[in-house]
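First up is the structure itself, then whatever we jot down about it.
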Amino acid sequence: MTAVRSRVRFLSAAVLVGGLLCATSACGTSTSSTSGEAAESKSEGVQSELPWEEPDSYAYTLTSSEGERSLIGTFRVTVRDGKVVRAVGLDDSGRRVVRRLPGEVPTLGELLTEMAQARRDKADTAEAEYAADGHPVRILVDWDKNAIDDEALYVISAYASAAG
């Protein structure tokens, strides 16, 4: 019986440590979903769960996928004075978009605005994950979970603010 109690204590401790590790490993990013209420950022009433204010100038890499939309591909985006001043397609799809529809490549504020609009319009999914500094690193919008090809997934990487 003592061996059984020791095993139960060991398993309980392992579960507790595992739970704590899972909880602390999530500290680097934050996730929000359609149910989250938020403060507004400066970009056209964008909803953001973290106190991130979109800087006037920054650069980032965007991988836009999912759904049947014109904005599909990977892009290196440069924003100055709140507007995209340069977008470089990093793959075939991205190069096609930049060549045919250069105005389709968004700022991070515009991506957050899209998510906020999806929330207001009661999309089935409108969620984001944020980096420790508050900028978005992943945005997913799915207007209707039963529809095919209406979703949008944006993955943001290599973010660098011109301010620092």
Considering only residues that are farther than 12 Å from residue 108 by Cβ and among the small types (Gly, Ala, Ser), look in the range 59-77 and name the one that is surrounded by the fewest Cβ atoms within 10 Å (Cβ to Cβ).
70
Of the numbered conditions (1) touching a strand residue (DSSP E or B) at 6+ places or on another chain (Cβ under 9 Å); (2) of a type in the set (Asp, Glu); (3) more than 21 Å from residue 144 (Cα to Cα), residue 127 fails exactly one; give the number of that condition.
(3)
Would you check which residues across the range 90-113 are in contact (Cβ under 8 Å) with a residue 40 or more places away in the chain and assigned to a helix (DSSP H, G or I) and list them?
108, 109, 110, 111, 112, 113
When you go through (1) within 19 Å of the chain's Cα centre (by Cα); (2) at pLDDT 95 or above; (3) on the phi > 0 side of the Ramachandran plot one by one for residue 135, which number turns out not to apply?
(3)
Starting from residues that are open to solvent by less than 60 Å² (accessible area, probe 1.4 Å) and part of a strand (DSSP E or B), keep the ones in the range 135-146 and report whichever is farthest from residue 107 (Cα to Cα).
142
Neighbours by Cβ (under 8 Å, 6+ apart or cross-chain): first from the range 65-80, farther than 26 Å from residue 55 by Cβ and in contact (Cβ under 8 Å) with a residue 24 or more places away in the chain; second crowded, with 17+ Cβ neighbours inside 10 Å and β-branched (Val, Ile, Thr):
70/97; 72/97
Condition check: open to solvent by less than 60 Å² (accessible area, probe 1.4 Å), farther than 12 Å from residue 71 by Cα and not charged (D, E, K, R). Does residue 97 satisfy that?
no
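Could you tell me which of the residues 123, 152, 118, 132 is assigned to a strand (DSSP E or B) and among the small types (Gly, Ala, Ser)? Break it down into steps so the answer makes sense when it comes.
Values: 123 fails: assigned to a strand (DSSP E or B); 118 fails: assigned to a strand (DSSP E or B); 132 fails: assigned to a strand (DSSP E or B).
After applying the criteria, what remains is 152.
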Of the conditions (1) among the acidic types (Asp, Glu); (2) modelled with pLDDT of 95 or more; (3) open to solvent by 60 Å² or more (accessible area, probe 1.4 Å), residue 149 clears all except one; give me its number.
(2)
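The values are calculated or read from the model by the stated rules, or taken from the named source; none is laboratory data. Everything numeric in this text was worked out from a predicted model, so none of it was measured. Glycine also receives a Cβ, built like all others from the backbone with ideal geometry; neighbour counts cover every protein chain displayed. Ligands, DNA and RNA are stripped out before the accessible areas are found, and what is left, the full protein with its side chains, is counted by its heavy atoms. Shrake-Rupley method; radii C 1.70, N 1.55, O 1.52, S 1.80 Å.
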